[in-house]
Amino acid sequence: MARTTTGAGTRERLLRAAEELFAAHGVDGAQTRDIVRLAGQSNPSAVQYHFGSRAGLLDAVMAGRLARTETVLTPRLAAVEARAGAAGPGLSALVGALVTAEASLLRDDRGRRCLRVSAQLTRESGVRTRTPHPTLDGTATWRLIGLAESALAAAGLPEALRLERIELALTLIGAALADRARQYLDGVRPLTYEEAFLADLVGTTAAFLLAPAPVPYP
């Protein structure tokens, strides 16, 4: 990528450098000075100038990641809803739409790095409290989460259990895709081809979500 001195160009270079180093060395392990250096900047305050703080830079990385998956998820979710009957979309179709959108980041190294970065974060989506994280508010992802809960309610799962399972399912999907991304970035040949991997991820996630509630359930 050609070096540029424009504000927008510098910001983009810092984002790309942060994605690379956060993925390679960890969100906590990557050094801000190394991000600035990799971005070709001589001003040590470049991150603060463009993003306010290191945390602001990480937020910007994740906002870009979400925007790219939303581009894929929004039309897919609309199609799933259009095909659904009066009872609403089935859980497998919802999980399939989410996994397909998230897996779109596997197509290039930038997306793979972003999958590696997001899997390190412990921020909750807000499912447990029904209060979306600010980055999810009004998104197709948050709408899908609501539809998934409705499907679990129709299956008879208690409220606390279905909210907890959805949060855990999001973690499972993120971790599985991040591990696949790591293999691609490291040049490791996966055990299964990608179509089988994604189909299995959808199937196992849906089965986890729909498992019967333990008896007795408190």
- Message: Between Asp186 and Arg130, what is the label-point separation in nm under the 7 Å Cα-to-beta-carbon projection?
- Response: 4.2 nm
- Query: Can you work out D for the range 1-52 in µm² s⁻¹ from Stokes-Einstein, where Rh is the Kirkwood radius over C-alpha pairs, the temperature is 20 °C and the viscosity is 1.002 mPa s?
  - Reply: 197 µm²/s
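Multiply the residue gap between Glu194 and Thr71 by 0.36 nm, knock off their C-alpha separation, and tell me the result in nm, one decimal place. Walk me through the numbers before you get to the answer.
Working: separation 123, 0.36 × 123 = 44.28 nm, distance 2.10 nm.
Stretched out fully, the Glu194 to Thr71 stretch lengthens by 42.2 nm.
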- Query: How compact and how long is the range 164-218, expressed as Rg and Dmax of its alpha-carbon atoms in Å?
  - Reply: 14.2, 47
- Point-charge dipole on Cβ atoms (K/R +1, D/E -1) for the range 62-189, about Cα centre, debye to 20: 380 debye
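If you average the sequence gap of Cα pairs under 8 Å that are 6 or more apart and divide by the length of the range 61-210, what percent do you get for the contact order? Mind dumping the intermediate values first?
Details: 139 pairs, mean separation 46.1, N = 150.
Result for the range 61-210 is 31 percent.
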- Item | Dipole magnitude (debye, nearest 20) for the chain, charges at Cβ of Lys, Arg, Asp, Glu | 560 debye
- Note on the structure: Per the Cα gyration tensor, the range 41-131 corresponds to an equivalent ellipsoid with semi-axes, largest first in Å, of 33, 15, 11
- The farthest towards the positive end of the charge dipole of the range 1-52, of the residues Ala39, Gly29, Leu15, given +1 on Cβ of Lys and Arg and -1 on Cβ of Asp and Glu, is Ala39
- Expressed in angstrom and ordered largest first, the alpha-carbon extents of the chain along the principal axes are 60, 38, 35
- Task: Work from the charge dipole of the range 61-210 (Cβ charges, +1 for Lys and Arg, -1 for Asp and Glu, about the Cα centre) and give the residue of Leu121, Gly174, Gly138 farthest towards its positive end.
- Result: Leu121
- What is the spin-label model distance, in nm, from Ala55 to Leu161 if the labels are put 7 Å beyond Cα along the C-beta direction? 3.7 nm
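Each reported figure results from applying straightforward, stated rules to the coordinates on display, with no laboratory input. These numbers were taken from a predicted model, which means no experiment stands behind them. Heads up, the Cβs are rebuilt from the backbone with ideal geometry, glycines too, and the neighbour counts pull from every protein chain shown.
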